[in-house]
Amino acid sequence: MRLGIRPRTRALASIALAASVAAGCGSASAGAVSGPGGTVLRLGYFPNLTHATAIVGVADGLYAGALGPNVELQTRTFNAGTEAVEALFSGALDASYVGPNPAINAWAKSKGQAIRIVAGATSGGAFLVTKPDITTPAQLRGRTLATPALGNTQDVALRAWLKSQGLSTTVEGGGDVAIRPQSNADTLTAFAGGAIDGAWVPEPWATRMILEGGGHVLVDERDLWPGGRYVTTELIVSTAFLGARPDVVEALLRGHVAATKLVNEDPDRSIRTVSTEIGRLTGSTLSTDLLGTAWKNLSFTNDPIADSLRTSADEAAAFGLLDPVDLTGIYDLGPLNRALAAAGQTPVPVP
C-alpha cells in the first residue's frame, strides 16, 4: 500500500512502474481474457479485515452468482496495494480491492489512463495506539511511532495529524517525532517489546496492540473527518476491461452490492467467514472474538467517499510523498449506481 518513496529511489521506482504501465496497456489491449467457459474476470483482494466485503463476496459465491455461468471468476490475494496495482498494470488482473493511496498512485503514474474507482468498500478502522503513559500530543515529542509503510494511507494520516499538533516529521525518520515504517506484524512485536511508543495502524492491528500490547487509543481517525467517514478500501478496475466488458463490471458490482448488504445485515456470520478465510489464505487464524471487537470500528459502504480521497492526495503531496495530482475523472460510478438501483438501494453521489 505504498504511495510515496524516498527521493533517492523515486526515479528508479517511477521508471519500473512506468514500464509496468506500458506493458499493461499492451498486453491488456483487448480488455478481457477468454477461458473455456467464456470471459474471465480476474479479481484481487487482501486477506485482511478491511477487505471483508471481498472475502465474504468470494466465499459465499455472491460474485460468482452475479457474474453468471458465462463469466469465470478467478481470484488472487495480495499483501500490498503496490502488488495488486503492478498485476493490473501488467495485464494479469482486471479488478482489485485496494486502499486509497495505491489507487491514487496508479492514477498518477498512468496519467489517468489505467484505472477507475468503481465503488467504495470500507470506511474507518484506523487508530493511533500508544503506550498508556502518553495521553497528550505534546508527550509524543522525542518518541518513535510506526506506520505500515512510508507514504501509505496511515503514514500520511499520521504525518498530517502530527503537523496539526505542531510536531514535525521527515521521511528519513527525523523531526520531533520519529516515524518508523514497517509491517504491521513487526509493529505489534516492537510495541509489545517496548521498541516503539505507538503506531497509526488499521484494524485488526489496532485492537491487537490494545489487547496484546497493553496500548490505548490516542487518536481515532474517524474524529478527524466530517461525519467520521473516510475511505479505507475501494474497488478499482482496469480501464481496458471496463471499456471492453462494462456488462461484466456491472455484474461484479451487483455481487459487491450483495456482499456489502450481507456484511452489514449479518455481521456474526460474516465474521465467522472472514476468520475462516483468513486462516485458509494465510495459515494464521484470527479469533472471532478479536475480529468481532475490531469489526465494530469499521463501516462497510458502497460509497467511495471521494472527498477523503482528494484530501489524502493533497496531504501526501504536501509531505513530498507524491507529486500534486488532479483526480478529475478517477471515478466511474455509473455501473455501481445501476447495480444499486437493481437492488432497490439508493445511488451514491457522483463526484
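The values are calculated or read from the model by the stated rules, or taken from the named source; none is laboratory data. All figures in this text were calculated on a predicted structure; none of them were measured in a lab. Here Cβ is always computed from backbone atoms with ideal geometry, including for glycine, and neighbour counts include all displayed protein chains. The area values use the complete protein model at the heavy-atom level, side chains included, leaving out ligands, DNA and RNA. Shrake-Rupley method; radii C 1.70, N 1.55, O 1.52, S 1.80 Å.
Go through the range 217-271 and give me each residue that's of a type in the set (Val, Ile, Thr) and under 30 Å from residue 285 (Cα atoms).
Answer for the range 217-271, where residues must be of a type in the set (Val, Ile, Thr) and under 30 Å from residue 285 (Cα atoms): 217, 219, 231, 232, 233, 236, 237, 257, 260, 263, 271.
So which residues in the range 206-216 are open to solvent by 30 Å² or more (accessible area, probe 1.4 Å) and either touching a Lys or Arg at 6+ places or on another chain (Cβ under 7 Å) or without any contact (Cβ under 8 Å) to a residue 40 or more places away in the chain (or both), if there are any at all?
Across the range 206-216, the qualifying residue is only 212.
For the condition open to solvent by 10 Å² or more (accessible area, probe 1.4 Å), more than 24 Å from residue 222 (Cβ to Cβ), of a type in the set (Gly, Ala, Ser) and outside any strand (DSSP E or B), what is the one hit in 174, 166?
After ruling out the rest, the residue left standing is 174.
Within the range 238-246, does at least one residue satisfy the condition of being crowded, with 24+ Cβ neighbours inside 10 Å, of a type outside the set (Lys, Arg) and under 17 Å from the mean Cα position of the chain (by Cα)?
Among the residues of the range 238-246, at least one is crowded, with 24+ Cβ neighbours inside 10 Å, of a type outside the set (Lys, Arg) and under 17 Å from the mean Cα position of the chain (by Cα), which makes the answer yes.
Looking only at the range 66-117, which residues are buried (at least 21 other Cβ atoms within 10 Å of the Cβ), of a type in the set (Gly, Ala, Ser) and assigned to a loop (DSSP other than H, G, I, E, B)?
91, 99, 110, 114
Given the structure, is residue 121 assigned to a strand (DSSP E or B) and either in contact with a Ser or Thr (Cβ under 6 Å, 6 or more places away or on another chain) or over 23 Å from residue 256 (Cβ atoms) (or both)?
Spelling it out, residue 121 is indeed assigned to a strand (DSSP E or B) and either in contact with a Ser or Thr (Cβ under 6 Å, 6 or more places away or on another chain) or over 23 Å from residue 256 (Cβ atoms) (or both).
Residues checked against (1) open to solvent by 20 Å² or more (accessible area, probe 1.4 Å); (2) assigned to a helix (DSSP H, G or I); (3) modelled with pLDDT under 95:
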{"site": "3", "(1), (2), (3)": "no, no, yes"}
{"site": "17", "(1), (2), (3)": "yes, yes, yes"}
{"site": "20", "(1), (2), (3)": "yes, yes, yes"}
{"site": "31", "(1), (2), (3)": "no, no, yes"}
{"site": "43", "(1), (2), (3)": "no, no, no"}
{"site": "54", "(1), (2), (3)": "no, yes, no"}
{"site": "64", "(1), (2), (3)": "yes, yes, no"}
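Is there a residue in the range 281-294 that is of a type in the set (A, V, I, L, M, F, W, C), part of a helix (DSSP H, G or I) and over 30 Å from residue 311 (Cα atoms)?
Checked against the condition, which is being of a type in the set (A, V, I, L, M, F, W, C), part of a helix (DSSP H, G or I) and over 30 Å from residue 311 (Cα atoms), the range 281-294 yields at least one hit.
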